[in-house]
Amino acid sequence: MIRVRDLDVTFGRGRRAVKAVQGVSFEVAAGEVFGIVGESGSGKSTVLNVLCGLNRWWSGTAIIDGEPQVQQRSRAFHKKVQMVFQDPYGSLHPRHTVDRILSEPVAIHGLGKTETRIMQALEEVGLGPTFRFRYPHQLSGGQRQRVAVARALILEPRILLLDEPTSALDVSVQAEVLNLLTGLQRRRNLTYILVSHNLAVVAHMCRRIAVMNRGIIVEELGVETLRRQAPEHPYTRQLLSASRGYDREAADNIEEFDASLS
Amino acid sequence: METLLDVRNLRVTFRTQKETVEAVRGVSFSMGREKLGIVGESGSGKSVTCRSLLGLIRPPGRVAADHLLFDGLDLLQIDSRRMQHIRGRRIAMVMQDPKYSLNPVMTVGEQIAEAYRIHARASRPEARRKTIEMLEAVRIRHPDQVYDAYPHQVSGGMGQRIMIAMMLIPGPDLLIADEPTSALDVTVQLQLLAILDDLVQERGMGLVFISHDLNLVASFCDRIIIMYAGRIMEICEARDLHKARHPYTRGLLHCLPRLDTPPGELPVLQRDPAWEEGTP
């Protein structure tokens with residue numbers, strides 16, 4: 001469904017150039033949930049931005065649903081690939097009602113039957129019709145993220161790109177949103193790429209996981225390997241031990257991993 | 001253990017034209033020179049509780065309590081001048097995001113030195129020397145260079161170390177850290193906690209550590225307070241967290257995805273209205 005080969009992203013040029021992503025390659029099958037984990041600055045979100053067409057400064061090959069992608073994307077592409085962002089407070093227009101937020105993509109793509117589509121989308125993300133004419137400030141964080149998911153789903157996409165969809169939410173709300181995403185994926189046979197810094201969240205959702213550090217995929221592993229706590233790369237092992245909680249000894253043994261050395 | 005802080009029946013209310021919000025509703029706890037964690041979801045009142053200790057609740061917010069005893073002194077009874085002597089010097093606070101807590105147009109060294117000069121009435125060279133010493137204590141590798149850096153030139157983890165250095169330079173008895181590591185990567189978080197841990201041990205400070213991350217707090221602190229809707233649900237020893245009784249605590253623990261359990265539907269927290277009334 002998605003095939004990425006030798007993806008490079010460079011910001012700036014000359015001496016000040018920053019290579020945010022270097023030689024990243026991976027494949028995601030249709031109906032698969034693929035995870036990318038890494039710390040801030042690892043380039044994980046940049047990869048997602050390239051895939052959905054928000055970033056134009058890339059080179060390499062990206063084939064989505066059999067079509068090689070160029071910098072400029074078509075309208076049909078955006079109907080097929082939708083994105084859900086991290087911050088539900090920042091990604092919804094504060095002065096638009098839920099109704100308007102959801103009807104805009106329908107109008108842009110000229111799908112028609114706006115009324116039924118909105119009701120259906122709200123239903124699907126577990127918000128009743130009572131939420132239709134509310135503003136984002138009248139919703140809780142979890143409800144907002146549900147609206148953001150509904151906005152992505154209303155175009156009936158086949159691929160959903162999820163950029164830290166639950167990191168701004170409380171853990172109890174995170175559980176609800178993760179359950180929602182899992183259910184939707186199964187019902188509609190969607191393809192997901194989930195980006196997160198949280199290993200447990202990625203292991204919960206994905207079968208295969210790529211670990212990124214400083215723009216490079218250091219390791220791609222199956223979820224069983226992660227659950228057995230037996231990754232090969234020392235960087236992944238360090239990430240795993242750090243996410244287990246506070247441990248004085250582990251804190252002393254933290255190393256810097258410079259990707260160019262490995 | 002000697003009691004450093006004793007809070008009895010703390011209530012904080014915010015009255016607006018439309019309604020009165022009770023953010024904290026009868027919180028009581030006491031602590032010594034230990035690491036105390038306060039855990040809760042957003043809106044549970046954990047930050048407001050700590051801000052009221054420092055007199056940082058502004059109108060229309062109102063703070064009331066039977067007493068807020070800090071080292072034998074009732075923080076509610078003293079006037080604002082005496083409060084200034086306590087705030088920063090004896091009780092210090094580290095906020096969540098160093099980007100918003102540091103002055104963007106002043107070098108970090110000057111900011112720390114300023115804090116020291118105000119509290120200790122020291123000369124400029126003395127303050128500089130002390131500042132560099134403090135930057136070393138929070139394990140910043142080139143303290144001379146960092147002294148002259150502006151906040152935007154340092155990383156998030158470094159910024160938070162700078163905040164800790166600034167807060168610790170007057171040698172407070174109690175440090176309140178409000179989600180000090182939530183904006184940081186896990187490895188940086190671990191290193192920062194190690195620094196806090198060492199400083200608390202060496203200086204014999206009390207530490208109040210506010211966080212939404214139950215497992216992190218359990219691995220770092222000595223005792224944990226679990227808050228919900230402005231009330232304390234449960235206080236337990238950190239190492240006994242897995243034996244926690246309260247359904248809210250158990251619900252919070254269960255709804256986390258874990259590496260050592262097979263994936264599937266995550267249990268969703270069922271909120272009981274009785275928790276809000278404080279009847280267990």
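Where a number appears in this text, it was derived from the coordinates with a stated rule and is not lab data. Computed from a prediction, not measured in an experiment: that's the story for all the values here. Note that each Cβ is placed from the backbone with ideal geometry, even for glycine, and that neighbours are counted across all protein chains shown.
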Original post:
Of the residues that make up segment B:210-220, is at least one more than 26 Å from B:GLU22 (Cα to Cα) and of a type in the set (S, T, N, Q)?
Top reply: yes
Original post:
Which condition number does B:GLN77 fail, the rest of (1) part of a strand (DSSP E or B); (2) polar (S, T, N, Q); (3) surrounded by fewer than 14 Cβ atoms within 10 Å (Cβ to Cβ) being met?
Top reply: (1)
Original post:
Could we say that B:SER28 is part of a loop (DSSP other than H, G, I, E, B) and either surrounded by fewer than 18 Cβ atoms within 10 Å (Cβ to Cβ) or more than 19 Å from the chain's Cα centre (by Cα) (or both) here?
Top reply: no
**OP:** Report, by residue number, each residue of segment A:106-150 that is more than 17 Å from A:ARG187 (Cα to Cα) and touching a residue at least 60 places away in the same chain (Cβ under 8 Å).
**Re:** A:GLN145, A:ALA148
Original post:
Hey, which of the helices (runs of 4 or more DSSP H) in segment B:116-194, taking only ones fully inside, have at least 2 residues that are closer than 24 Å to B:SER219 by Cβ?
Top reply: B:156-168
**OP:** Please work out if B:GLN160 is buried (at least 21 other Cβ atoms within 10 Å of the Cβ), touching a Gly at 6+ places or on another chain (Cβ under 9 Å) and either within 19 Å of B:GLY206 (Cβ to Cβ) or within 14 Å of chain A (Cβ to nearest Cβ) (or both).
**Re:** no
Subject >> Qualifying strands (runs of 3 or more DSSP E) (wholly inside segment A:1-111; at least 3 residues being of a type in the set (D, E, K, R)) >> reply: A:2-11
Original post:
Of all residues in segment A:197-227, which are facing chain B (nearest Cβ under 9 Å) and over 18 Å from the mean Cα position of the chain (by Cα)?
Top reply: A:LEU226, A:ARG227
Original post:
Could we say that A:GLN82 is over 17 Å from A:GLY215 (Cα atoms), surrounded by 15 or more Cβ atoms within 10 Å (Cβ to Cβ) and in contact with a Pro (Cβ under 7 Å, 6 or more places away or on another chain) here?
Top reply: yes
Original post:
Could we say that A:VAL171 is within 12 Å of another protein chain (Cβ to nearest Cβ) and over 28 Å from A:VAL9 (Cα atoms) here?
Top reply: yes
**OP:** Consider B:MET233 carefully, then state whether it is outside any helix (DSSP H, G or I), in contact with a strand residue (DSSP E or B) (Cβ under 8 Å, 6 or more places away or on another chain), within 13 Å of another protein chain (Cβ to nearest Cβ) and buried (at least 19 other Cβ atoms within 10 Å of the Cβ).
**Re:** no
Subject >> Among residues of segment A:90-100, those that are within 20 Å of the chain's Cα centre (by Cα) and surrounded by 14 or more Cβ atoms within 10 Å (Cβ to Cβ), counted >> reply: 2
Subject >> Residue satisfying condition, being within 14 Å of chain A (Cβ to nearest Cβ), touching a Ser or Thr at 6+ places or on another chain (Cβ under 9 Å), over 30 Å from B:ALA65 (Cβ atoms) and not hydroxyl-bearing (Ser, Thr, Tyr), within set B:LEU252, B:LEU266 >> reply: B:LEU266
Original post:
What single numbered condition from (1) in a helix (DSSP H, G or I); (2) over 15 Å from A:LYS79 (Cβ atoms) fails to hold for A:PHE133?
Top reply: (1)
